[in-house]
Amino acid sequence: KGTVISKRYQIVEKLGSGGMAVAYKARDMRLGRFVTVKVLKDEYAENSEFLTKFSSEASAAASLSHHNIVRVYDVGEDRGINYVVMEYVHGQSLKRTIEEKAPFDTLTTLSVALQIASALSHAHKHHVVHRDIKPQNILVAVDGTIKVTDFGIARNKYICCRRKRNGFCTLLFT
């Protein structure tokens, strides 16, 4: 708390921790707004594979602009701290929302599903496949807006679809 990254992002509080990074709520001192700063864990900072994965998440998400996808504002390194700066979403994960409020009524269920589908459709149209959709990677803002986040294992590649006799297709990543 209080740490300033790149002379710009002042850490306010820890939001949570994932497999390879810790997320913090921070204040962008230049623009006067709250942001989320995702910091790569120390044990991965020297691992080129994790640095590449961390960077690819930022690149995949930054290439997308959609109201149901968390926006990426900045990426960088400061004094050995590798970070990605993203839109701050005032709310909680869909996982926590399910734990607290399930079962949902039909309209809420449809609203959540359609917003997630809209985000994924937009990503796919831009050749980005998330590959880790789960309630922990979906945020629910206090106004009910759904935001897909954590493109950590996304593929920014073209997708081939091979039709099978039953009408279904197999997705192939190239």
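The values are calculated or read from the model by the stated rules, or taken from the named source; none is laboratory data. These figures come from a predicted structure and were not determined experimentally. Backbone-built Cβ (ideal geometry, glycine too); neighbour counts: all protein chains shown. For the accessible areas, the whole protein counts, side chains as well, though only heavy atoms, and no ligand, DNA or RNA atoms are used. Shrake-Rupley method; radii C 1.70, N 1.55, O 1.52, S 1.80 Å.
Testing L107 on (1) within 16 Å of the chain's Cα centre (by Cα); (2) open to solvent by 40 Å² or more (accessible area, probe 1.4 Å), one condition comes back false. Which one is that?
Going through the list (1) within 16 Å of the chain's Cα centre (by Cα); (2) open to solvent by 40 Å² or more (accessible area, probe 1.4 Å), L107 breaks only (1).
Sort through E57, E46 and tell me the only one that's open to solvent by less than 40 Å² (accessible area, probe 1.4 Å) and either under 25 Å from H126 (Cα atoms) or among the charged types (D, E, K, R) (or both).
Details: E46 fails: open to solvent by less than 40 Å² (accessible area, probe 1.4 Å).
After applying the criteria, what remains is E57.
May I ask you to list pairs of residues, at least six apart or on different chains, whose Cβ atoms are under 6 Å apart, with the first in the stretch 71-83 being closer than 11 Å to S59 by Cα and the second being surrounded by fewer than 17 Cβ atoms within 10 Å (Cβ to Cβ)?
If the second residue must be surrounded by fewer than 17 Cβ atoms within 10 Å (Cβ to Cβ), the pairs left are V72/A62.
What number of residues within the stretch 4-19 are touching a strand residue (DSSP E or B) at 6+ places or on another chain (Cβ under 6 Å) and not in a loop (DSSP other than H, G, I, E, B)? Before the answer, list the steps.
Our first condition is that a residue be touching a strand residue (DSSP E or B) at 6+ places or on another chain (Cβ under 6 Å); within the stretch 4-19, this holds for 4-6, 9-16.
Among the residues that remain, those that are also not in a loop (DSSP other than H, G, I, E, B) are: 4-5, 9-16.
Qualifying residue count, the stretch 4-19: 10.
Is it the case, given these coordinates, that G76 is of a type outside the set (D, E, K, R), modelled with pLDDT of 95 or more and open to solvent by less than 60 Å² (accessible area, probe 1.4 Å)? Walk me through it before giving the result.
On the way: of a type outside the set (D, E, K, R): yes; modelled with pLDDT of 95 or more: no; open to solvent by less than 60 Å² (accessible area, probe 1.4 Å): yes.
Criteria not met by G76.
Which of the following residues is in a strand (DSSP E or B) and not hydrophobic (A, V, I, L, M, F, W, C): E77, E57, E43? Steps first, please.
Numbers: E57 fails: in a strand (DSSP E or B); E43 fails: in a strand (DSSP E or B).
Testing whether each residue is in a strand (DSSP E or B) and not hydrophobic (A, V, I, L, M, F, W, C) leaves just E77.
Looking for whichever is of a type in the set (S, T, N, Q), farther than 23 Å from R30 by Cβ and within 11 Å of the chain's Cα centre (by Cα) here; the options are N68, N47. Which one fits?
N68
Applying the selection to the stretch 11-21, what residues are surrounded by 16 or more Cβ atoms within 10 Å (Cβ to Cβ) and either closer than 19 Å to R71 by Cα or modelled with pLDDT under 95 (or both)? Show your work before the answer.
The first filter runs over the stretch 11-21 and keeps only residues surrounded by 16 or more Cβ atoms within 10 Å (Cβ to Cβ), leaving 11-12, 15, 20-21.
The answer is I11, L15, M20, A21.
Need the failing condition index for A113 against (1) free of Cβ contacts under 8 Å to residues at least 24 places away in the same chain; (2) more than 26 Å from V39 (Cβ to Cβ); (3) within 13 Å of the chain's Cα centre (by Cα), just the number.
All conditions are met except number (3).
Can you tell me which residue within the stretch 97-134, out of those that are β-branched (V, I, T) and in a loop (DSSP other than H, G, I, E, B), is nearest to F54 (Cα to Cα)? Steps first, please.
Residues of the stretch 97-134 β-branched (V, I, T): 97-98, 106, 108-109, 112, 116, 128-129, 133.
Narrowing further to those that are in a loop (DSSP other than H, G, I, E, B): 128, 133.
Working: V128: 15, I133: 17 Å.
My answer is V128.
From the set of residues in the stretch 80-94 that are farther than 13 Å from A23 by Cβ and at pLDDT 95 or above, which is surrounded by the most Cβ atoms within 10 Å (Cβ to Cβ)? Break it down stepwise before answering.
Just the residues of the stretch 80-94 that are farther than 13 Å from A23 by Cβ, to begin with: 80-82, 90-91, 94.
Next, only the ones that are at pLDDT 95 or above stay: 90-91, 94.
Numbers: H90: 10, G91: 17, L94: 20.
This residue is L94.
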